[in-house]
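To start, the structure under review is shown below, and the notes come after it.
The values are calculated or read from the model by the stated rules, or taken from the named source; none is laboratory data. All values reported here derive from a predicted model rather than from experimental measurement. With ideal geometry, Cβ positions are generated from the backbone for all residues, glycine too; neighbour counts draw on all protein chains shown. Just the protein is used for accessible areas: all its heavy atoms, side chains included, with ligands, DNA and RNA removed. Shrake-Rupley method; radii C 1.70, N 1.55, O 1.52, S 1.80 Å.
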Amino acid sequence: MAKYNLGLYWDDLDVQACLVRGAAGEAVIEKIVRTHRPQEAGKPKHPVAEDLKSVMAELGIQVEAGITALNEHEVMYRQVKRPFSDRRKISQSIAPEVETLLPVADDISVDFVVLGKDPAGQTILEAAAVKSSAVKERVDTLSQVGIDPEIIEAPSSALANGARNFFQLGPERGYVVLHIGWRNSSLCILHGREIVHMGALPFGFEAIAAAIARERSEATGDVV
């Protein structure tokens with residue numbers, strides 16, 4: 001029997017869902033849903049759990065696994081190096097170092113991707129850190145719609161995994177994968193299937209729309 005995995009992402013404007021069917025080692029996108037969240041006074045009218053329930057009803061299927069991505073403004077990225085490549089040792093040592101690099105007093109959750117080696121042979125890591133309270137908030141929200149997420153990812157990491165799972169990436173080619181959100185944008189750079197860089201840009205369509213409006217007002221002499 002086919003296994004259904006559900007990817008969910010939301011912000012103040014939209015809820016996005018991707019239903020993936022996996023069978024015999026092959027993943028197929030079954031359905032993609034994007035629902036606009038009703039607004040009131042510039043903010044979502046309903047709690048996000050209520051909007052998620054509407055999306056789940058539209059999908060109309062029970063899923064075995066849930067995957068979600070955080071909002072980009074919740075994630076902090078830092079590049080660090082290690083003189084070893086053992087993932088267990090990296091996992092044990094990376095969180096204390098990242099905590100000293102970030103201006104955050106709260107507990108944080110840290111994950112990482114390996115970017116390769118530098119000329120001196122050290123392992124280059126891209127660490128993604130988030131306040132533990134933000135992760136708990138995601139889990140609590142999803143539990144209200146009956147989903148226990150198996151994976152909670154940084155958005156740029158989700159981009160990389162999506163590209164590697166669903167695109168045929170040439171081994172000697174470079175790729176830039178970009179998701180432009182309303183207030184933030186996510187970026188991942190790949191060389192073939194290998195991640196070279198992942199991170200975020202602190203602007204999105206909101207800034208682009210404002211810039212276009214300013215240009216039009218300057219051209220016409222209108223006041224925006």
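Here are some notes:
- 3J(HN,Hα) from dihedral phi, the range 113-128, Karplus parametrisation 6.51/-1.76/1.60, rounded to Hz, x for glycine, proline: 10, 8, 9, x, 10, 8, x, 8, x, 7, 7, 8, 10, 9, 9, 10
- Helical content of the chain, expressed as a calculated mean residue ellipticity at 222 nm, amounts to -9500 deg cm²/dmol (DSSP H runs of 4 or more residues, -39,500 (n - 2.57) each, divided by residue number, nearest 500).
- Correct choice for mean projected area of the Cα convex hull in nm² that was computed from the model, options (1) 17.3; (2) 14.6; (3) 16.6: (3)
- Solvent-accessible area of the chain (1.4 angstrom probe, protein heavy atoms only): carbon and sulfur portion equals 53 percent.
- Once C-alpha pairs closer than 8 Å and six or more residues apart are averaged by separation and normalised to the residue number of the chain, the relative contact order reads 15 percent.
- Result for the chain in a Gaussian network model with C-alpha springs under 10 Å: among HIS46, HIS197, HIS73, the largest mean-square fluctuation is at HIS46.
- Calculated SAXS-style log₁₀ I(q)/I(0) at q = 0.12, 0.17, 0.19 Å⁻¹ - the range 10-135, Debye, Cα scatterers: -0.70, -1.00, -1.05
- The range 97-164, relative contact order [Cα under 8 Å, separation at least 6], %: 23
- Sequence-ordered 3J(HN,Hα) estimates for the range 163-179 from the Karplus curve with 6.51, -1.76 and 1.60 and θ = phi - 60° stand at 5, 6, 7, 10, 10, 8, 8, x, x, 10, 10, x, 9, 10, 10, 10, 10 Hz, glycine and proline given as x.
- Taking a point 7 Å from the Cα of HIS46 along the Cα-to-Cβ direction, the residues of the range 139-180 with backbone N closer than 18 Å to it are 141-147.
- Surrounding net charge for GLY174, when Lys and Arg each add one and Asp and Glu each subtract one, Cβ distance under 15 Å: +1
- Under 22 Å from the Cα of LYS31 - lysines, other chains or at least 8 residues apart: LYS3, LYS53
- Of all the options ALA17, ALA128, ALA57, the one that moves most in a Gaussian network model of the chain with Cα springs shorter than 10 angstrom is ALA57.
- Rounded if a/c under 1.5, otherwise prolate or oblate - the range 87-211, Cα gyration tensor axes: rounded
- Comparing mean-square fluctuations of ILE108, ILE195, ILE208 from a GNM of the chain with C-alpha springs under 10 Å, the top value falls on ILE208.
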